[in-house]
Amino acid sequence: MREPVELATAPRQLHRAHRDAIRIGLAIPLQGPGGIFGPSCEAVSELLRRRLNEHSGVLGRPVELEVIDAGRPVAEVAGEVRDLIDRGRIDALTGWHISSVRNGLAPVTADRIPYAYTSLYEGGERRPGVFCAGETPDRQIRPALAWMREQLGLTRWHIVGSEYVWPRRSATVAAGYLRDLGLDLVSTSFTRFDSEHFEGVLDHIERARPADGVLMFLVGQDAVHFNRQFAARGLDRQLVRLSPLMEENMLLASGPDAVRDLYVAAGYFRSLPTGGSMDFVGDYGAEFGPEAPPLNNQGESCYEGIRLLTRLFDAAGSTSLRDVLRVAEGLTYDSPRGTVHLRGGHLHQSVYLARAETADFDILTSL
């Protein structure tokens, strides 16, 4: 068994290494509401980099990572990625970041390098060379709402989200799902991204017609603040919560008193009882020890992004975007999420519904 290693600086130093390496930009939030995911994303990516390089890398070349802080303003992130491409510092881009950042980066990578976007998102991305590894509302929200109607009798919903692309568009399609399923949308509220205060939203929920649940489109620390304030008002005893973006770090930060009747639909949980997932958890623990950042969906999604790119490179025999596009359709491989298939630029995968416990998730069903 390997000795646990220090994570503090290793990932950011990788670009100093091999001149002939395949260099992958890793755009992840290191600040802002999504900064809570950054350490897990870095650690998981470093794990896969080491495993690849233990077995001759990719195409006989070592793999290096260039960490890019995607928690900054979009223009700054896009400017750094453009500079890295111009100087030949990256051959591909991946990482977990919000849709506003994706929309800023896709024009920069267009016709130049492959871009594997790993976050769950609102759906609809069709730009050539952008490969989406995350979940979409048709596979998360619609079946989860149907299950909760049938199993729990929940028919009336509030929607709460942040004021940017993913929550806005996801709320729109969710309203359509509610209508199609014969469910009632009681209210919709949006608040500033990177918000600590939800008094107005919670006041609105309390004053509205009776409901059964709240559908949340909040990210990272925003969701943590909402969970705490929601529970402090006792609303957790009246309403369930359903989220497509809630993971182990956020549970710990919310606290055990703030996660009652909180349900999550996602493609990966640390507690997923599949062989691939358990091997992944064991490998991560053996490499980094018990003090490593918690495994979560966002971190594992970065594993998917790097794995997807490297499988595309293997199939193409090249890192060039033109060659990658030639072999992309129908690519299939096994991952901690199970067997996944690339079709139409999207990674098709199983999605699970889980209920939050104190610091982990109890998986209830496959959607």
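Calculated on the alpha-carbon coordinates, the convex hull of segment 204-266 measures out at 78 cubic angstrom per residue. Separation of segment 312-367 and segment 92-121 by C-alpha centroid, Å? Segment 312-367 and segment 92-121 have Cα centres spaced 16 Å from each other.
With only the Cα atoms considered, segment 252-367 has a convex hull volume of 120 Å³ per residue.
Once the other residues with Cβ under 15 Å from the Cβ of GLU135 are scored (Lys, Arg +1; Asp, Glu -1), what is the net sum? Local net charge: 0. The angle between the Cα long axis of helix 74-86 and the longest principal axis of the Cα atoms of the chain comes to about 20 degrees, rounded to the nearest 10.
Across the chain, C-alpha contacts under 8 Å between residues 6 or more apart give a mean separation that, scaled by the residue count, equals a relative contact order of 20 percent.
Taking packing as the residue-averaged number of other Cβ atoms within 10 angstrom, the listed peptides 225-232, 133-140, 278-285 run from highest to lowest as 133-140, 225-232, 278-285. With each label modelled as a point 7 angstrom along the Cα→C-beta vector, the GLU291-ASP138 pair spans 4.7 nm.
Over the chain, DSSP H runs of length four or greater, each weighted -39,500 (n - 2.57), average out per residue to a 222 nm ellipticity of -12500 deg cm²/dmol.
Computed from label points 7 Å out along Cα-Cβ, the spacing between THR358 and HIS197 is 3.4 nm. Computed from Cα atoms alone, the Kirkwood hydrodynamic radius reported for segment 56-159 is 15.9 Å.
For TYR117, neighbours were defined as the other residues whose beta-carbon sits under 11 Å from its Cβ, and their charges (Lys and Arg +1, Asp and Glu -1) total 0. Axis of helix 99-109 versus longest Cα principal axis of the chain: the two differ by about 20°, to the nearest ten degrees.
Between the Cα long axis of helix 38-54 and the first principal axis of the chain there is an angle of about 30°, rounded to the nearest 10.
Ranked by the mean number of other Cβ atoms within 10 Å per residue, highest first, peptides 303-309, 33-39, 345-351 order as 303-309, 33-39, 345-351. Once divided by 2.2 N^0.38 Å, the Cα radius of gyration of segment 162-281 becomes 1.11.
Taking packing as the residue-averaged number of other Cβ atoms within 10 angstrom, the listed peptides 190-197, 294-301 run from highest to lowest as 294-301, 190-197.
For ARG322 and THR339, the difference between the fully extended length at 0.36 nm per residue and the C-alpha to C-alpha distance is 3.6 nm. Using the alpha carbons alone, the radius of gyration of the chain stands to its Kirkwood radius in an Rg to Rh ratio of 0.97. For segment 230-245 and segment 207-226, what is the separation of their Cα centres, given in Å? With segment 230-245 and segment 207-226 each reduced to a Cα centre, they are spaced 7 Å. A cut-off of 5 Å between modelled amide H atoms, ignoring neighbours fewer than 5 places along the same chain, links LEU364 with LEU353, ALA354, ARG355.
Every number here is computed from the coordinates shown, using simple stated rules; none is lab data. Because the structure is a prediction, the values reported are computed rather than measured. In this analysis, Cβ positions are derived from the backbone assuming ideal geometry, glycine residues included, and neighbour counts consider all displayed protein chains.
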